[in-house]
Amino acid sequence: MFKEDQSKKEGPVESPEIKRVQDAVFKEIEDRVRERHSEKEYHAPQHSETVDNHSADIFSIIREYNPDAITEDTERARTTAARAHDMYIATSTDPKTGMFTRLRGLGPSHMPENVARIIEAEGRVRLGNEEASAVELLGVVTLNDPDQRVYTADINEMMIEDIRATLPEPTFGAFPEETYTKTASGEYRVVIPDPDTKQNVDITHLFPQKDGKPIGLKMDQFISSDSRLGAIAVAMGDLSQGGRVDFEHFIDEGNREFWESKPKIKALFARGIENLSNDERAELAREAIGWIKTQLGFILHQKMRFENILATNKALNDLPEAAKTQEALQALYNKWDRNILASAKRIENADAYQSLSAPEAFDDPGANQKLEVLLKDMEYGHTDRSSDD
């Protein structure tokens, strides 16, 4: 699954014993990920490979301008954590809302309230998926390196931090203040420069509003200005693809997440549109349109989050060649505006199907064909997930 050389991009030469232990750990991780996730749409094994590849690219940039910044220990922690960050993924149905829920979180103090409620009701150990993945990884390491000769205590500590950094913390609200362009009358606008025409494009009308500000999905992670380089690299590798892949790839990944995170909708679709009631068809349409609209806020916030990390993370800013490093990272993640504007266009196209959200729309026989066209936009599998781009 993983490329032979991805864990060592220009890294140090390793002894046969170190390589033997590391390869054994990698194989155990890969076997567990394959066994558990091969049938998943989004969290399939290729996702872990992508996180490893993308975080390795970040380390390569840091190392290029700051040769002493990435040690053998930080490299081993990064690549092992990236491969193992989703090794454990428990899911359930929230009895309060009936919604499919991934049991995300760390320990009890860093766990969404709904997840804590489910875990308590089901009598599970009070560990969220990210912490459980870290604990399981330590078990794999101990099994293959009981004397901690390769995976030292320091490396293990870094691996735990790197995996915890991938904990998603979703909220729905205003973007960072620097996102907005404020008019002379005090109105908040979202304006994105078109990379091709060099003209500013106002996309404010595509967002819901709260307290006079456009709002959207904010997906943060368990990182801070004090996070180490490995945690930043793995976190970016996990949740910043929208800045470095083309739009087709970004949409493909988002569609995979849609179907994996909505098993009820997936089951409806599997029955065939012609076999559904009008209410069920309308539900399919609402979910698809809602997802498309959510993606715009998601990628806009990810752009602002990426820029905030570069501006505030102490480890990045304390590098000897911090300015050159940040410039190179921005060059790698240079597709934010292009993909934001493409997401905005996708919403405008989806507006033509808004009427399908009402069951009575399907009294018209032509509505089924419109729904088929809408759902075609939710297909996936058109890009190579193992590629770096």
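The values are calculated or read from the model by the stated rules, or taken from the named source; none is laboratory data. This one's a predicted model, so the numbers in the text were calculated from it and none came from an experiment. When we count neighbours, we look across all protein chains shown, and the Cβ atoms used for this are built from the backbone with ideal geometry, even at glycine.
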ask   = LYS96 passes all but one of (1) part of a loop (DSSP other than H, G, I, E, B); (2) in the same structural domain as SER55 (by TED's automatic domain parsing); (3) of a type outside the set (S, T, N, Q); (4) free of Cβ contacts under 8 Å to residues at least 24 places away in the same chain; which number fails?
value = (2)
query = In the stretch 167-188, which residues are without any contact (Cβ under 8 Å) to a residue 24 or more places away in the chain and either surrounded by 12 or more Cβ atoms within 10 Å (Cβ to Cβ) or in the same structural domain as HIS85 (by TED's automatic domain parsing) (or both)?
reply = THR181
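Working only within the stretch 68-93, note down all residues that are assigned to a helix (DSSP H, G or I) and hydrophobic (A, V, I, L, M, F, W, C). Before the answer, list the steps.
First pass over the stretch 68-93, keeping only residues assigned to a helix (DSSP H, G or I): 72-84.
Within the stretch 68-93, ALA77, ALA81, ALA82, ALA84 meet the criteria.
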query = So which residues in the stretch 272-288 are crowded, with 19+ Cβ neighbours inside 10 Å and either part of a loop (DSSP other than H, G, I, E, B) or not charged (D, E, K, R) (or both)?
reply = ALA282, LEU284, ALA285, ALA288
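Determine which member of the set GLU49, GLU35 is in contact with a Phe, Trp or Tyr (Cβ under 7 Å, 6 or more places away or on another chain) and either assigned to a helix (DSSP H, G or I) or at pLDDT 95 or above (or both). Spell out how you get there, then give the answer.
On the way: GLU35 fails: in contact with a Phe, Trp or Tyr (Cβ under 7 Å, 6 or more places away or on another chain).
Within the list GLU49, GLU35, the selection yields GLU49.
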ask   = How many of the residues in the stretch 108-162 are in a loop (DSSP other than H, G, I, E, B) and buried (at least 19 other Cβ atoms within 10 Å of the Cβ)?
value = 6
remark   = Over the stretch 194-215, the set of residues loosely packed, with under 12 Cβ neighbours inside 10 Å, under 26 Å from the mean Cα position of the chain (by Cα) and touching a residue at least 24 places away in the same chain (Cβ under 8 Å) is LYS210
key: Residues being part of a helix (DSSP H, G or I), modelled with pLDDT of 95 or more and of a type outside the set (A, V, I, L, M) - total across the stretch 364-389   = 5
note = Exactly one of ARG63, ARG20, ARG34 is free of Cβ contacts under 8 Å to residues at least 60 places away in the same chain, basic (Lys, Arg) and surrounded by 15 or more Cβ atoms within 10 Å (Cβ to Cβ), and that residue is ARG63
note = Taking the stretch 203-235 and keeping residues part of a helix (DSSP H, G or I) and outside the structural domain of GLN302 (by TED's automatic domain parsing) leaves LEU229, GLY230, ALA231, ILE232, ALA233, VAL234, ALA235
inquiry  = Going residue by residue through the stretch 99-107, is there one that turns out to be in contact with a Pro (Cβ under 6 Å, 6 or more places away or on another chain) and surrounded by fewer than 17 Cβ atoms within 10 Å (Cβ to Cβ)?
reply    = yes
note = Going through the stretch 150-183 in order, the residues found to be under 13 Å from ALA84 (Cβ atoms) and among the aromatic types (Phe, Trp, Tyr) are TYR151
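Can you give me the number of residues within the stretch 332-363 that are part of a loop (DSSP other than H, G, I, E, B) and either surrounded by 18 or more Cβ atoms within 10 Å (Cβ to Cβ) or without any contact (Cβ under 8 Å) to a residue 12 or more places away in the chain (or both)? First the steps, then the outcome.
Quick first cut of the stretch 332-363, residues part of a loop (DSSP other than H, G, I, E, B) only: 333-335, 358.
Checking which are either surrounded by 18 or more Cβ atoms within 10 Å (Cβ to Cβ) or without any contact (Cβ under 8 Å) to a residue 12 or more places away in the chain (or both) leaves us with 333, 335.
Number of matching residues: 2.
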